[in-house]
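Below is one structure, written out as structure tokens; the observations come after it.
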Amino acid sequence: MKSFSIIVEKKINKFNKSIFVPGDKSISIRYFFLASQAYGLSRAKGILEESGDILSSIKALTKLGVRIVKKKKTWFVWGMGLSSLKTRNNLSIDCGNSGTLSRFLLSILSTYAHRIRIYGDHTLNKRPMDRIMNPLEKIGAFFQTKKKVNRTLPCYITGSEMPIKIDHEEKIGSGQIKGGLILASLGCPGISTIKEFKNKQSRNHTEKMLKFARPGIIKVKKFKNYNLISIKGQKDFKAFNLNVGGDFSSASFFILLTLLSKNSRLKIKSVNLNPTRLGALKILKKMGGKITLQNIKFQCGERIGDITVKSSNLKSINCPASIVPLAIDEMPLIFLAASFANGISSFRACGELEKKESPRLSLMNKMLNQIGIRTKLIDRDSIKIYGNPNLNLNNRTYRIQTAYDHRLSMVGIILGLTFPGGKIIVEDCNSIATSFPNFLNLVKQLGAKYEIKK
Ligand code: S3P
């Protein structure tokens, strides 16, 4: 897709609306992976569509012999069971922009003995892969990378036909590593374990979906300081039917837009409300955000419900470090909220943000400084934000660089629609399509005005 910028000059007027956000990206990717490992025909509704990351996932699995078809609104996957992927030497698979896809693919291929090349786009090729390669090496997989630092893509993986079970302590707090290792465990003999520390807990969609597909394969035992996840390997499971709720990460842009707008109210319907995804909700509520949850129900092992948000005056926060992994994709938005809040906010243990699609902590720091918000960035890990609810961008024009990062583009647009005065030009907004293709349409639906510049 060709690059385009979004120009926002007019602030959004008050609104009172109800919207749906598209299906959860993490769950959608996990569905294609787990359904490909099941026996029989799985069906899913509510899958995130037209997203670059999802298209890359479907393409990658199709290249490995998995049949995936969409009819009306249902996504069918013909699973052939564990070890059924069609691999061969010198197969080359493109993961596009998706970190989740790349780490899951490396994991699942770690029990196949062919030599396969995995690569991504220019941003994915900069992201660390040692975090998944190191534990996978312990089960017998072999990786070749040109770059020694962080062992970035492109890489060649040669899996093991005789893998050894996994015993991993997850110290980063990454849902991608945990999810990848659960997928790899399915192909390993015996019972694999993953120890997840309470202060590094991450999204648990893989655990929930596997338990929903076939109870008994995965168990999560809760101890005082950690969860112990055990997975019975080489156990077949049958196809399953899934309904996917809306993506909380996508909803969070609209939560913030409403909080920061005057006299507005928004209902976001049928959103996935898994507690391991709701760190940002906790933070924003602590900051004084008027956010309530209604109609909560359980659907296919996941918690779903509606979110109602009202305009609020936000106050600063001293954010506990243990919430950060539960709000990892929403932290750029939280930093914007802190800029609007009364008082000085501080955030620790944010180093993982530097390893996302772009160095998000540094770039958010730059974005906030650019518009006149004072910050103190320490060791690319912590940030203090001196909130200024009275800041006016006056008549100046600000050009926001997003380094082709979808979440930074959307944050830039929310900034432009809410901070009074000024003209905001957000560059490279084509990246938004990787995770939230109808973001701009929904913004428009709430009455926002913007200009597209190609
Ligand atoms: C994801 C986990 C998170 C998140 C990413 C999706 C997942 O990454 O940032 O957008 O689906 O498991 P990390 O696990 O690397 O923190």
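The values are calculated or read from the model by the stated rules, or taken from the named source; none is laboratory data. Computed from a predicted model, the values in this text were never measured in an experiment. We place every Cβ from the backbone using ideal geometry, glycine too, and count neighbours over all the protein chains shown. With ligands, DNA and RNA removed, areas are computed over all heavy atoms of the protein, side chains included. Shrake-Rupley method; radii C 1.70, N 1.55, O 1.52, S 1.80 Å.
Quick one: in region 163-190, which of the residues that are open to solvent by 20 Å² or more (accessible area, probe 1.4 Å) and of a type in the set (A, V, I, L, M, F, W, C) is farthest from residue 233 (Cα to Cα)? Result: 172.
Among the residues of region 205-219, those identified as outside any helix (DSSP H, G or I) and open to solvent by 10 Å² or more (accessible area, probe 1.4 Å) are 214, 215, 216, 219. Considering region 385-410, and only residues there that are in a helix (DSSP H, G or I) and among the aliphatic types (A, V, I, L, M), the residue that is nearest to residue 319 (Cα to Cα) turns out to be 408.
Can you pull out every residue in region 9-25 that is of a type in the set (Gly, Ala, Ser) and surrounded by 24 or more Cβ atoms within 10 Å (Cβ to Cβ)?
The one that is of a type in the set (Gly, Ala, Ser) and surrounded by 24 or more Cβ atoms within 10 Å (Cβ to Cβ): 23.
When you look at residue 138, is it over 22 Å from the mean Cα position of the chain (by Cα) and within 28 Å of residue 326 (Cα to Cα), yes or no? Judged against the criteria, residue 138 is a match. Just checking, which of 202, 185 is part of a loop (DSSP other than H, G, I, E, B) and either under 23 Å from the mean Cα position of the chain (by Cα) or modelled with pLDDT under 95 (or both)? Sole residue among the options that is part of a loop (DSSP other than H, G, I, E, B) and either under 23 Å from the mean Cα position of the chain (by Cα) or modelled with pLDDT under 95 (or both): 202.
Apart from one condition, residue 364 fits all of (1) open to solvent by less than 30 Å² (accessible area, probe 1.4 Å); (2) away from the ligand (no atom under 16 Å from the Cβ); the exception is (2). Being in contact with a helix residue (DSSP H, G or I) (Cβ under 7 Å, 6 or more places away or on another chain), more than 16 Å from the ligand (Cβ to nearest atom) and in a helix (DSSP H, G or I) is a condition met by at least one residue of region 33-40.
Okay, residues lined up against (1) more than 16 Å from the ligand (Cβ to nearest atom); (2) touching a His at 6+ places or on another chain (Cβ under 8 Å):
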| residue | (1), (2) |
| --- | --- |
| 371 | yes, no |
| 374 | yes, no |
| 408 | no, no |
| 416 | yes, no |
| 427 | yes, no |
| 431 | no, yes |
| 435 | no, yes |
| 438 | yes, no |
| 447 | yes, no |
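Quick check, is residue 83 buried (at least 24 other Cβ atoms within 10 Å of the Cβ) and touching a residue at least 24 places away in the same chain (Cβ under 8 Å)? When the stated conditions are applied, residue 83 does not pass them. Open to solvent by 10 Å² or more (accessible area, probe 1.4 Å) and within 16 Å of the ligand (Cβ to nearest atom): is that true of residue 302 in this structure? Yes, satisfied. Applying a threshold of 9 Å to beta carbon distances and a minimum spacing of six or more residues, or different chains, the list of pairs starting in region 362-386 at a residue that is over 19 Å from residue 412 (Cα atoms) and of a type in the set (A, V, I, L, M) and ending at one that is open to solvent by less than 70 Å² (accessible area, probe 1.4 Å) and outside any strand (DSSP E or B) reads 377/361; 377/362; 377/365. Taking the conditions (1) away from the ligand (no atom under 16 Å from the Cβ); (2) over 13 Å from residue 145 (Cβ atoms); (3) open to solvent by less than 20 Å² (accessible area, probe 1.4 Å) in turn, residue 123 satisfies each one other than (1). In the condition set (1) assigned to a loop (DSSP other than H, G, I, E, B); (2) more than 20 Å from the chain's Cα centre (by Cα), residue 62 is compliant with all but (1).
Matching residues to (1) among the basic types (Lys, Arg); (2) in contact with a His (Cβ under 6 Å, 6 or more places away or on another chain); (3) open to solvent by less than 30 Å² (accessible area, probe 1.4 Å); (4) at pLDDT below 95:
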site: 43; (1), (2), (3), (4): yes, no, no, no
site: 51; (1), (2), (3), (4): no, no, yes, no
site: 55; (1), (2), (3), (4): no, no, no, no
site: 58; (1), (2), (3), (4): no, no, yes, no
site: 69; (1), (2), (3), (4): no, no, no, no
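For region 230-266, the set of residues classified as within 16 Å of the ligand (Cβ to nearest atom) and either charged (D, E, K, R) or open to solvent by 30 Å² or more (accessible area, probe 1.4 Å) (or both) consists of 247 only. Being under 15 Å from residue 111 (Cβ atoms), away from the ligand (no atom under 16 Å from the Cβ), open to solvent by 10 Å² or more (accessible area, probe 1.4 Å) and not charged (D, E, K, R) narrows it down to one residue among 193, 158; which is it? The unique qualifying residue is 158.
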